[in-house]
Amino acid sequence: FCAAHQGTKRDAFTGEEPGKLPHEIPGFIKTIDNEEYSTAFNAGDTTPAFLIGLGRYHALAGDASFIIGHRDAARNALGYLLSHLDGRCVFWDDPAKAGARRYAQRATYWKDTAVAGREGDMPSYPVAYSMTQAMAVAALRSAEELAGLLDVPGEELGRTAERACASLWELFWDERIGTLAVGIDRQGFIPGLSSDG
């Protein structure tokens, strides 16, 4: 289902990008500042979850044919993930990558209702959430484990996963609260305690 609905183009209305997995189908339409937006692709965590799921399925079932049958979707998802990593391997979510200035959702990870402490309960894009960063690390590790089946460079993915993991602890650790920050945006740490850490 996910592979069948994977993004193929940039779409400011839905937040779709090539390789991105949907948030919800068909999506809910919201009018914001006299512009319509759909929630269909308003998630940065669904694509890493797809790769994690493929890795877990293969580890538990040992079914290489299923992975090979979804090789293109997995490689496209990996391409999306890698296109959102910066030089420190931090996963940044930014509606500009879909050609938009915002998303319909206030937050683009599992807590999709609000980003406390920010004007309008929205982050100042681009944003990196600690939970999505951890998922990106796990997704890169899954892709590394599946490298032979996906025909992708496993060692390079392993190094990228290690840099992404180090950045999680280096950049998201908030001394004031003694745990990982909810996220980071253009204004700095997103304030507040969360179970995400």
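For beta carbons closer than 6 Å, sequence separation of 6+ or different chains, a first residue in segment 74-99 that is free of Cβ contacts under 8 Å to residues at least 40 places away in the same chain and a second that is open to solvent by less than 10 Å² (accessible area, probe 1.4 Å), the qualifying pairs are TRP92/HIS84; TRP92/ALA128. Counting the residues of segment 169-197 that are surrounded by fewer than 21 Cβ atoms within 10 Å (Cβ to Cβ), assigned to a loop (DSSP other than H, G, I, E, B) and not acidic (Asp, Glu) gives 11.
Please go through segment 1-39 and give me each residue that is more than 16 Å from LEU78 (Cα to Cα), open to solvent by 100 Å² or more (accessible area, probe 1.4 Å) and polar (S, T, N, Q), ordered by number. If the condition is that a residue be more than 16 Å from LEU78 (Cα to Cα), open to solvent by 100 Å² or more (accessible area, probe 1.4 Å) and polar (S, T, N, Q), then ASN34 is the only one that fits.
In segment 120-130, which residues are of a type outside the set (D, E, K, R) and surrounded by fewer than 23 Cβ atoms within 10 Å (Cβ to Cβ)?
Hits for segment 120-130 are GLY120, MET122, SER124, TYR125, PRO126.
When ALA166 is tested against (1) open to solvent by less than 60 Å² (accessible area, probe 1.4 Å); (2) among the aliphatic types (A, V, I, L, M); (3) farther than 30 Å from PHE13 by Cβ; (4) modelled with pLDDT under 90, only condition (4) is not met. Exactly one residue out of ARG106, ARG75, ARG56 is of a type in the set (Lys, Arg) and not in a helix (DSSP H, G or I), and it is ARG106. Is it true that some residue in segment 139-151 is assigned to a loop (DSSP other than H, G, I, E, B), in contact (Cβ under 8 Å) with a residue 60 or more places away in the chain and over 15 Å from the mean Cα position of the chain (by Cα)? Checked segment 139-151: at least one residue is assigned to a loop (DSSP other than H, G, I, E, B), in contact (Cβ under 8 Å) with a residue 60 or more places away in the chain and over 15 Å from the mean Cα position of the chain (by Cα). Checking the stated criteria, GLY117 turns out to be open to solvent by 40 Å² or more (accessible area, probe 1.4 Å), in contact with a Pro (Cβ under 9 Å, 6 or more places away or on another chain) and over 22 Å from LYS30 (Cα atoms).
Contact map, segment 26-47: first residue more than 19 Å from LYS9 (Cα to Cα) and in contact (Cβ under 8 Å) with a residue 24 or more places away in the chain, second residue aromatic (Phe, Trp, Tyr) and open to solvent by less than 30 Å² (accessible area, probe 1.4 Å), Cβ cut-off under 7 Å, separation 6 or more or different chains; pairs are LYS30/TYR37. Before we move on, is GLY158 assigned to a helix (DSSP H, G or I), free of Cβ contacts under 8 Å to residues at least 24 places away in the same chain and open to solvent by 40 Å² or more (accessible area, probe 1.4 Å)? In short, no.
The values are calculated or read from the model by the stated rules, or taken from the named source; none is laboratory data. Remember, it's a predicted structure, so these values are computed and weren't measured experimentally. No Cβ is skipped: glycine too gets one built from the backbone with ideal geometry, and neighbour counts run over all protein chains shown. With ligands, DNA and RNA removed, areas are computed over all heavy atoms of the protein, side chains included. Shrake-Rupley method; radii C 1.70, N 1.55, O 1.52, S 1.80 Å.
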